[in-house]
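The values are calculated or read from the model by the stated rules, or taken from the named source; none is laboratory data. The structure presented is a predicted model; accordingly, all values stated were derived computationally and were not measured. A quick note on method: Cβ atoms are made from the backbone with ideal geometry, for glycine too, and the neighbour counts reach across all protein chains shown. These area figures cover heavy atoms from the full protein model, side chains too; ligands, DNA and RNA do not enter into them. Shrake-Rupley method; radii C 1.70, N 1.55, O 1.52, S 1.80 Å.
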Amino acid sequence: MPIASINPTTGETLKTFEPLTKAQIEEKLQRASDVFQVYRETTFAERAAMMTRAAEILETEKHDLARIMTLEMGKPIKGAVGEAEKCAWVCRYYAETAQQHLADEVIETDAAKSYVKFQPLGLVWAVMPWNFPFWQVFRFAAPALMAGNVGLLKHASNVPQCAMAIEDIFRRAGFPDGSFQTLLVGSDAVEAILRDSRVAAATLTGSEPAGRSVAAIAGSEVKKTVLELGGSDPFIVMPSANLELAVTTAVKARTINNGQSCIAAKRFIVKQEIYAEFEKRFVEEMNALKIGDPMDEATEIGPLATEQILKDVDEQVKTSVAAGAIVLTGGKKLDRPGNFYEPTVLTNIPKDSPAYSEEIFGPVALLFRVNDIDEAIQLANATTFGLGASAWTNDETERDRFIESLEAGCVFINSMVASDPRLPFGGIKNSGYGRELGEFGIREFVNIKTVSIN
Ligand code: NAP
């Protein structure tokens, strides 16, 4: 894929970039390696001051940064401003908590003294996606830098200006030259950099095939990885739930970021006695969404990020309909320039159709009717993914069963799945492994060193 900013609202190519040469990559790797030796010696207070400055830049410049995101990948501008604010939050969160998360932990043993010490690993190679082009990077970078690591970013090829803006924020925040660098390279350059002996570990947020590839290469080099991959999250609604709130949240959970979120609710599983009412209201609210220019504050659905994603979503829906799925609303591209796809609701989804088993990365909701909680849990778990799950009920027994039985990295009761700097985030099954955010997140890229003194 060429490295280029292409406005998904118009199809216009805004800027193209040449990938770095081998010599330029070598220079950046060596710079990162050199600076790590110095940066690892900085104190938490010094790192926190720089990270707080990064938060201030994000807050002060959020409108300009949001414009870059929306121009490159089409997310509604309001969401883009919110994304910049959330990045500031994660910077402040780790500026304030890193020292405590990584403080020595004394453990009583037979030794005179024994404890655990957390030390940085070194260069972490971060391969990131375009869908939350700032947030995905900051939720890796804030803990990694606070832990004393240095970061090398390979951002998705369609968001190079976001990638450069992020590097610039860390530079202006005072982080030493080389401690966070963007490498404008295609995915073909990922392997060689991952294999480089100066790179200690890698993190990838993206699709399952990309994750498998990076994990396999890292495995052969015995390097630590964290993988945040795809999802096909269930959203289960039981009769005791607040139906009005459940429907409104369901629409938001499916269409946030134009339907391109790993933790978007994608499969809506509704108990039969409330199914008809849920379906009616859900379709009405999906139809009422305001589609348009993502730069307009009132827009709720903008274009998909690339022409290829639009083609993929269209193909998945067409194939599913040909297999027997019923379209309740939408089901096609919009007849206008840009990568617009109608908010779509499908039901009667056959098991052998793509809609049943694949992740759909666009505003396409799948409705399922179930007879009881056993069937709801079975269907929710009938996927190779296991990222998040949202369940709606006011019955305590049902609530406890969902928490216990849903195969997912997180379960949210009576709200949509969302990330929060204070809580660990990540998946199981083919959604990946490892955790970001919270204390678990900052402890991924550290040497958990056991010390025993006699
Ligand atoms: P993608 O194609 O996997 O791209 C993600 C990143 O990986 C990009 O930087 C891409 O570079 C690179 N890449 C692609 N193929 C690669 C390979 N074989 N080896 C090494 N790097 C490779 O993913 P996407 O389609 O852009 O993003 C959407 C996917 O990400 C969805 O599945 C979504 O659910 C998932 N996601 C997961 C999370 C989470 O936290 N679990 C969050 C957001 C998104 P190029 O752009 O140069 O190809």
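With on the phi > 0 side of the Ramachandran plot and touching a helix residue (DSSP H, G or I) at 6+ places or on another chain (Cβ under 8 Å) as the only criterion, which of G122, G79 stands out?
Details: G79 fails: on the phi > 0 side of the Ramachandran plot.
On inspection, the qualifying residue turns out to be G122.
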Practice problem: Scan the range 352-371 and report the pairs whose first residue is within 16 Å of L387 (Cα to Cα) and whose second residue is assigned to a loop (DSSP other than H, G, I, E, B) and open to solvent by less than 10 Å² (accessible area, probe 1.4 Å), with Cβ atoms within less than 6 Å and a gap of 6+ or a chain change. | Solution: E359/G230; E359/S232; F361/Q260
Practice problem: Select from the range 161-189 the residues that are within 10 Å of the ligand (Cβ to nearest atom) and within 19 Å of the chain's Cα centre (by Cα) and list them in ascending order. | Solution: A163, S187
Self-check item: A241 vs. criteria part of a loop (DSSP other than H, G, I, E, B) and either surrounded by 23 or more Cβ atoms within 10 Å (Cβ to Cβ) or away from the ligand (no atom under 16 Å from the Cβ) (or both)
Solution: yes
Exercise. Name the one entry in G148, G122 that is touching a Pro at 6+ places or on another chain (Cβ under 9 Å), in contact (Cβ under 8 Å) with a residue 40 or more places away in the chain and either assigned by TED's automatic domain parsing to the domain that holds Q30 or among the hydroxyl-bearing types (S, T, Y) (or both).
Key: G148
Exercise. Scan the range 166-192 and report the pairs whose first residue is touching a residue at least 24 places away in the same chain (Cβ under 8 Å) and assigned to a strand (DSSP E or B) and whose second residue is among the hydrophobic types (A, V, I, L, M, F, W, C) and away from the ligand (no atom under 16 Å from the Cβ), with Cβ atoms within less than 8 Å and a gap of 6+ or a chain change.
Key: F180/L145; F180/V150; F180/F170; Q181/A32
Quiz item: Hey, A265 hits all of (1) small (G, A, S); (2) within 16 Å of the ligand (Cβ to nearest atom); (3) open to solvent by 10 Å² or more (accessible area, probe 1.4 Å) but one; which does it fall short on?
Solution: (3)
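Do we find a residue being among the aliphatic types (A, V, I, L, M), in a loop (DSSP other than H, G, I, E, B), within 17 Å of G259 (Cα to Cα) and at pLDDT 95 or above anywhere in the range 307-318? First the steps, then the outcome.
Of the residues in the range 307-318, the ones among the aliphatic types (A, V, I, L, M) are 309-310, 313, 317.
Then drop every residue that is not in a loop (DSSP other than H, G, I, E, B), which leaves none.
Checked the range 307-318: no residue is among the aliphatic types (A, V, I, L, M), in a loop (DSSP other than H, G, I, E, B), within 17 Å of G259 (Cα to Cα) and at pLDDT 95 or above.
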Exercise. Pick out the one residue from E358, E398, E444, E436 that is open to solvent by 60 Å² or more (accessible area, probe 1.4 Å) and either away from the ligand (no atom under 16 Å from the Cβ) or farther than 20 Å from K252 by Cβ (or both).
Key: E358
Quiz prompt | In the range 217-238, residue surrounded by the most Cβ atoms within 10 Å (Cβ to Cβ) [restricted to those that are more than 16 Å from the ligand (Cβ to nearest atom) and farther than 30 Å from R198 by Cβ] | solution = I236
Self-check item: Restricting the range 401-424 to residues that are outside any loop (DSSP other than H, G, I, E, B) and charged (D, E, K, R), the residue that is surrounded by the most Cβ atoms within 10 Å (Cβ to Cβ)
Solution: R401
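Of the residues E96, E85, E72, which is among the charged types (D, E, K, R), buried (at least 20 other Cβ atoms within 10 Å of the Cβ), at pLDDT 95 or above and not in a loop (DSSP other than H, G, I, E, B)? Break it down stepwise before answering.
On the way: E96 fails: buried (at least 20 other Cβ atoms within 10 Å of the Cβ); E85 fails: buried (at least 20 other Cβ atoms within 10 Å of the Cβ).
Exactly one of E96, E85, E72 is among the charged types (D, E, K, R), buried (at least 20 other Cβ atoms within 10 Å of the Cβ), at pLDDT 95 or above and not in a loop (DSSP other than H, G, I, E, B), namely E72.
Among the residues of the range 190-205, which ones are more than 9 Å from the ligand (Cβ to nearest atom), of a type in the set (S, T, Y) and open to solvent by less than 20 Å² (accessible area, probe 1.4 Å)? Before you say what the answer is, go through the steps one by one.
Keep residues of the range 190-205 that are more than 9 Å from the ligand (Cβ to nearest atom), which gives 192-193, 195-203.
Then drop every residue that is not of a type in the set (S, T, Y), which leaves 197, 203.
T203, the sole residue that qualifies.
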Exercise. Give the range 1-37 a look and list any residue that's surrounded by 12 or more Cβ atoms within 10 Å (Cβ to Cβ), assigned to a helix (DSSP H, G or I) and away from the ligand (no atom under 16 Å from the Cβ), or say none.
Key: Q24, E26, E27, K28, L29, Q30, R31, A32, S33, D34, V35, F36
